[in-house]
1. Within the stretch 184-216, take every residue that is more than 30 Å from GLY152 (Cβ to Cβ) and free of Cβ contacts under 8 Å to residues at least 24 places away in the same chain and give me the one that is farthest from the chain's Cα centre (by Cα).
2. Is the stretch 159-171 home to any residue that is over 28 Å from MET29 (Cα atoms), touching a Leu at 6+ places or on another chain (Cβ under 9 Å) and assigned to a helix (DSSP H, G or I)?
3. Filter the stretch 67-123 down to residues that are part of a loop (DSSP other than H, G, I, E, B) and touching a residue at least 24 places away in the same chain (Cβ under 8 Å), then give me how many there are.
4. What is the one condition in (1) open to solvent by 50 Å² or more (accessible area, probe 1.4 Å); (2) within 23 Å of the chain's Cα centre (by Cα) that LYS40 does not satisfy?
5. Just to verify a result, which residue in the stretch 98-107, among those that are open to solvent by 30 Å² or more (accessible area, probe 1.4 Å) and modelled with pLDDT under 90, is farthest from ILE233 (Cα to Cα)?
6. Name the one entry in PHE20, PHE26, PHE33 that is of a type in the set (Phe, Trp, Tyr) and either touching a residue at least 60 places away in the same chain (Cβ under 8 Å) or in contact with a Lys or Arg (Cβ under 6 Å, 6 or more places away or on another chain) (or both).
7. Checking LEU179 against (1) out of contact with any Gly (no Cβ under 7 Å at 6 or more places or on another chain); (2) aliphatic (A, V, I, L, M); (3) over 15 Å from LEU208 (Cβ atoms); (4) open to solvent by 20 Å² or more (accessible area, probe 1.4 Å), which single condition isn't satisfied?
8. Against the definition (under 26 Å from PHE202 (Cβ atoms) and either of a type in the set (D, E, K, R) or buried (at least 18 other Cβ atoms within 10 Å of the Cβ) (or both)), how does VAL91 come out, yes or no?
Amino acid sequence: MDFPVTFHIFGKTILAHPLFEAAGMFLGMRYYFYLKRKSKEKLSFNTSAAVLIGATAGALIGSKLIGNLENPYALFENFSFRKVWSNNTIVGGLAFGLLGVELAKKIVHHKESTGDLIVFPLILAMIIGRIGCFLTGVYEETYGIPTDSVFGMYLGDQYLRHPVALYEIAFLLLLWMGLKYIQNRKKYPSGFIFQLFMLSYFTFRFLLDFIKPRIEIIGNIGTIQMVCICVIIYYIYKIKNTGSLYLKYSR
């Protein structure tokens, strides 16, 4: 396979990443609306609209903010709006999307969790997006450091590298199966599936980024890992509070 994989559409050459990213968002949203129609928990129009706006605005701001702060030195040395807009990361999108949703829920005075329904559509969208990341190789910053392990792959330069996008796809598939097992038992408090997803994914990303190129900000960790630590601490606290409820539901 030659990297980057491109597609020729209407006479233009387009990288695989944006195409798969768009396909992931579209299919993820269609899956979400399908699950929403089947769900017994119905939200009012105002609550649904507020949550959607909060999640979208938070995710957009967070993905750009954290994406650009991955390398703050390059950002301020060669500042350009085009570069700022093109830099993004799912870690910032998830973390700030959560903040946007919580703020929106406070505005409309909704106290119940709204996260469980979005978990599997979100995982689907992320898997499809990561396929695009893999097909782009080293031509976007979604590749691993050089390695001499059996997992090393040539991704467009002269080095064998960790195919971190494939690692993430494998992790997300395993996480899907694990969360589905818990969901099928139907013995968990509202919001627990989403909490487990967030804790699991951010823990994985914290570890994964040690084998990705990164600018070390504090010690040997980068900006994304700092965000991961904050989210991990938050969800350990959240799950600790709901743990007793989970044990109650499991009996």
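The values are calculated or read from the model by the stated rules, or taken from the named source; none is laboratory data. Computed from a predicted structure; not experimentally measured. Every residue, glycine as well, gets a Cβ built from its backbone with ideal geometry; the counts of neighbours run over all protein chains shown. For the accessible areas, the whole protein counts, side chains as well, though only heavy atoms, and no ligand, DNA or RNA atoms are used. Shrake-Rupley method; radii C 1.70, N 1.55, O 1.52, S 1.80 Å.
1. LYS186
2. No, that holds for no residue.
3. The first filter runs over the stretch 67-123 and keeps only residues part of a loop (DSSP other than H, G, I, E, B), leaving 70-71, 78-80, 87-89, 108-115.
Then drop every residue that is not touching a residue at least 24 places away in the same chain (Cβ under 8 Å), which leaves 70-71, 88-89, 108, 110, 112-115.
Counting residues in the stretch 67-123 that are part of a loop (DSSP other than H, G, I, E, B) and touching a residue at least 24 places away in the same chain (Cβ under 8 Å) gives 10.
4. All conditions pass for LYS40, except number (2).
5. Let us first name the residues in the stretch 98-107 that are open to solvent by 30 Å² or more (accessible area, probe 1.4 Å), namely 99, 102-103, 106-107.
After this cut, where a residue has to be modelled with pLDDT under 90 as well, the list is 102, 106-107.
Working: GLU102: 17, LYS106: 22, ILE107: 25 Å.
It comes out as ILE107.
6. Numbers: PHE26 fails: either touching a residue at least 60 places away in the same chain (Cβ under 8 Å) or in contact with a Lys or Arg (Cβ under 6 Å, 6 or more places away or on another chain) (or both); PHE33 fails: either touching a residue at least 60 places away in the same chain (Cβ under 8 Å) or in contact with a Lys or Arg (Cβ under 6 Å, 6 or more places away or on another chain) (or both).
Selected residue: PHE20, the only one of PHE20, PHE26, PHE33 that is of a type in the set (Phe, Trp, Tyr) and either touching a residue at least 60 places away in the same chain (Cβ under 8 Å) or in contact with a Lys or Arg (Cβ under 6 Å, 6 or more places away or on another chain) (or both).
7. (4)
8. On the way: under 26 Å from PHE202 (Cβ atoms): yes; either of a type in the set (D, E, K, R) or buried (at least 18 other Cβ atoms within 10 Å of the Cβ) (or both): yes.
Spelling it out, VAL91 is indeed under 26 Å from PHE202 (Cβ atoms) and either of a type in the set (D, E, K, R) or buried (at least 18 other Cβ atoms within 10 Å of the Cβ) (or both).
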